[in-house]
Amino acid sequence: MNTMLNQKISDLGTGKEMKTSRSLKKKILVIGLILLVLLIVGLNVYRFYYKDVIPVAVSPVSEKNLVEKVPASGNVVAADREIVYSQASGTVENIHVKMGQKVTAGQALLDIDIIDAEQKLAEARAKLAAANLAFSQARSGDQTTALISARSALTEAENTYKQDKDHLERTRILVEQGAVAQVDLDKAQADLNNSQAAYDQAQANFRQAEQNAPLQLQSLQANVESAGLQLEAIEKQVAGRNLLSPCDGYVLSIAVNTGDQIDDKTQLLTIGNVAKLNIEADIPESGVGKIKNGQAVSISCNAFPEEKFQGKVTQVGLEMVTKTKNNQQDTFLPVMVEVEGDSRLLPGFKTDLEIVTADIQTLVVPIEALVEKNEGKSLFVLKEGIAHLTVVKTGINDGVTVEILSGVNKDEQVILNPSAKVQDGSKVRVQ
């Protein structure tokens, strides 16, 4: 009896639950339909009001410390250095120093064996003495060798002419007397004609020698000077057998070895002061107008990739030079940079430079915000969802941001990388 009663109560509970479940499903379905309708309506409203709105990215006009740098490259050199050259041909006999060694002015560097040095010196001295003698004799008698020779030739020609003339007269008398044949007279006449011509030429030569006498004296004097210079050069060569350091410093490099055969003007050693270093730099044409003496320079090199060295511009060239770099010819302005403070740089290092040409606190925008229009450099400024094309005046840049001198104010929003769709007055929204 109780069991049947409990079963009826259970059946009544199950029926109520089924009714409640069906009611809940209806409510969920209705709510879902309402949400779907609202979504569709919302999308249509969005499309209606925002169909012409262009999504953009923006950045504020900000104030920052802007540093402009001009890139360059160059080689490290010792500030005070001298290249030592040989003064004569010969053989490297002894080298008295080593690379990196400190030397003082006048210290022996190396010895050169010059072949026949003493003989060449004696010959040069003899040549100078002979030239001096010839010049002294000509000057003391006011007669040059050419003038003396011309006078002697004239005297000889005159005597021959007189002899031939007398011989012709005697032969003519003998022909008249029948003592000699006509052929003898003809020969005598021919001899006189020849001697007459020789005499006339000798007179002309003598007159020319008289006119040339001062010039010949000058020539003899020039011979003396030339012989003197030759002797001086040989004496210098002989003295160069024992090569001495021209200055205090360090042996930066040695270009020869013992036993090497060398010619005159062969590079032997380089002496320099590594405590003071310079960089011979090349400035590309695009940066020439910004470079001035005293500008700070940041220096880097492959030998010490994690370090930055400091320097300053000390010399600026006034003429462009043409060089080949990376198989391309280009023009550069030579600039000298002084390395400041202690550094581990060495002469010959290749360096990359950044020359600071400006360091100012100013208004800036990202470079990608700039656009080129017919009006000039411009920005699209975002105001209340509208893009406004604004012409601006720009200044320096650091490769990332650019200085704005006029046209916009701090904290205004500018559009970055505006697409071709963005025009003055376009509706935009920030992504």
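Laboratory data are not the source of any read-out in this text; all were calculated from the coordinates shown. Everything numeric here is computed off the predicted structure, so don't read it as measured data. Because the Cβ atoms are built from the backbone with ideal geometry, glycine has one as well, and the counts that use them run over all protein chains shown.
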Open item on the list: As a quick test, which of the pairs LYS69/LYS312; LYS69/LYS377; LYS102/LYS292; LYS308/LYS410 have an alpha carbon distance above 24 angstrom in this structure?
Closed with: LYS102/LYS292; LYS308/LYS410
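Only counting other Cβ atoms within 10 Å, I'd like LEU229, LEU110 sorted with the fewest neighbours first.
On the way: LEU229 12, LEU110 21.
The order, fewest Cβ neighbours first, is LEU229, LEU110.
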Open item on the list: Looking at the range 286-335, I'd like the Rg to Rh ratio, where Rg is from alpha-carbon atoms and Rh is Kirkwood's inverse mean 1/r.
Closed with: 1.03
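Quick one: GLU82, GLU176, GLU319, fewest Cβ neighbours within 10 Å first, how do they rank?
Fewest-to-most Cβ neighbours within 10 Å comes out as GLU319, GLU176, GLU82.
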Task: Distribution of pairwise C-alpha distances over the range 335-431, 10 Å bins, in % - done: 13, 37, 20, 13, 12, 6, 0
TODO: Scan around THR266 for amide H atoms under 5 Å from its own, H built in the peptide plane at 1.01 Å from N, and keep only partners 5 or more places away or cross-chain.
DONE: SER86
Open item on the list: Only counting other Cβ atoms within 10 Å, I'd like MET320, MET336, MET99 sorted with the fewest neighbours first.
Closed with: MET99, MET320, MET336
